[in-house]
């Protein structure tokens with residue numbers, strides 16, 4: 001006979017009670033019932049509840065979310081991945097947080113609906129207050145350095161969202177106007193914001209409010225008025241460009257042009273974008289999804305994920321920019337090309353692992369025939 005002390009008896013009793021409760025609730029677990037009544041509790045999978053949806057433009061909206069108790073906070077400029085069920089399928093996307101720390105503890109993202117964008121259109125046009133969403137902790141290196149100085153923000157389209165988060169943190173707006181805090185007094189900020197037109201410009205009223213308060217110097221450019229921005233004329237818009245550290249967020253073409261321009265001029269540049277840029281396209285090929293019984297003829301610039309979804313195949317996915325590894329599948333045979341850098345990954349039967357070579361379908365295109373275990 002083994003004698004247990006008080007602590008041991010308590011532990012054993014607790015374990016028995018847990019097993020009894022689990023048996024009574026099978027096939028569900030006690031935590032499943034707690035999720036119904038307290039989904040935002042500490043220790044649960046990180047979730048959030050949509051508090052409100054505020055239209056910004058005809059195709060953009062700010063989603064305010066109450067995060068769960070285990071939300072760790074963020075640094076302005078960072079993004080988070082949000083998971084939401086659309087037509088019975090959980091989809092994950094990455095969005096910038098559009099604020100600094102809030103007194104009410106809520107967080108917000110601003111989403112622009114893109115053509116054929118399943119999640120963005122759902123969030124902008126169909127999301128409702130009270131809806132539960134899944135969250136991951138904030139991440140990203142597109143944040144301001146601690147040193148004060150002269151800064152330039154270059155934004156285009158929805159690329160303004162992380163920058164607005166930074167600016168709102170530096171210059172909070174109140175009923176009495178824009179506040180100038182100690183952390184922002186030593187900063188000299190110019191913002192060059194590009195959009196197709198003023199009505200399509202997200203946060204343009206906020207930017208003008210900051211400009212009129214003297215917090216920033218705003219240079220807004222609209223394609224329908226000024227034409228497409230030529231990066232080589234940036235020094236005309238910002239005469240002291242060489243004295244400024246540049247932060248930029250927007251489409252890949254803009255960021256590529258800025259990178260070349262700043263590298264040639266030996267200027268400091270920090271960038272952020274949420275989709276991979278196609279640097280090297282291959283010859284394409286036939287992609288066979290073995291378990292689905294589907295064969296796809298792909299060109300060398302279309303990702304396997306996009307092509308499979310367009311063909312009606314349900315695919316695992318996450319951030320869609322090569323970060324989260326949520327789209328990884330095993331390739332049994334063949335070759336794919338990483339569209340970000342042109343790197344080739346191959347799988348040869350008899351030479352590579354029997355389980356296949358893991359590939360990220362969101363940033364991979366066919367580089368010849370390949371067979372994927374899905």
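Bear in mind that the values in this text are calculations on the coordinates, not laboratory data. Everything quoted here is computed from the prediction, not taken from an experiment. Counting neighbours? That spans all protein chains shown, and the Cβs are built from the backbone with ideal geometry, glycine included.
Considering the alpha-carbon set of the range 232-360 alone, what are its Rg and its Dmax in angstrom?
Rg then Dmax for the range 232-360, in Å: 19.2, 61.
Starting from 0 in steps of 20 Å, tell me what percent of the Cα-Cα pairs of the chain lands in each bin.
Calculated P(r), rounded to whole percents: 24, 48, 24, 4, 0.
P(r) for the range 47-135, please, calculated from all Cα pair distances in 5 Å bins and given in %.
With a bin width of 5 Å, the distribution comes to 3, 15, 27, 29, 17, 7, 2, 0.
Which order results if 185, 150 are arranged by neighbouring Cβ count within 10 Å, fewest first? Mind dumping the intermediate values first?
Details: 185 9, 150 16.
In increasing order of surrounding Cβ atoms, one gets 185, 150.
Alpha carbons only, please: Rg and Dmax for the range 150-272, in angstrom.
Values for the range 150-272 (Cα only, Rg and Dmax): 14.0, 45 Å.
So if R0 is 51 Å, what FRET efficiency would residue 197 and residue 313 give, r being the distance between their Cβ atoms, rounded to the nearest 0.05?
Plugging the Cβ-Cβ distance into 1/(1 + (r/R0)^6) gives 0.85.
Using only alpha carbon positions, build the gyration tensor of the range 285-372, then give the equivalent ellipsoid semi-axes as the square roots of 5 times its eigenvalues, largest first, whole angstrom. Intermediate results must be reported in sequence, preceding the final value.
On the way: eigenvalues 58, 44, 34 Å².
Output for the range 285-372: semi-axes of 17, 15, 13 Å.
Only Cα pairs within less than 10 Å get springs; with that Gaussian network setup on the chain, which residue of 310, 78, 360 has the largest fluctuation?
Of 310, 78, 360, the most mobile in the Gaussian network model is 310.
Count the DSSP beta bridges whose two residues both fall in the chain, then state the antiparallel fraction as a percent rounded to the nearest 5. Intermediate values should be presented prior to the final figure.
Working: 50 of 75 bridges.
The antiparallel proportion sits near 65 percent.
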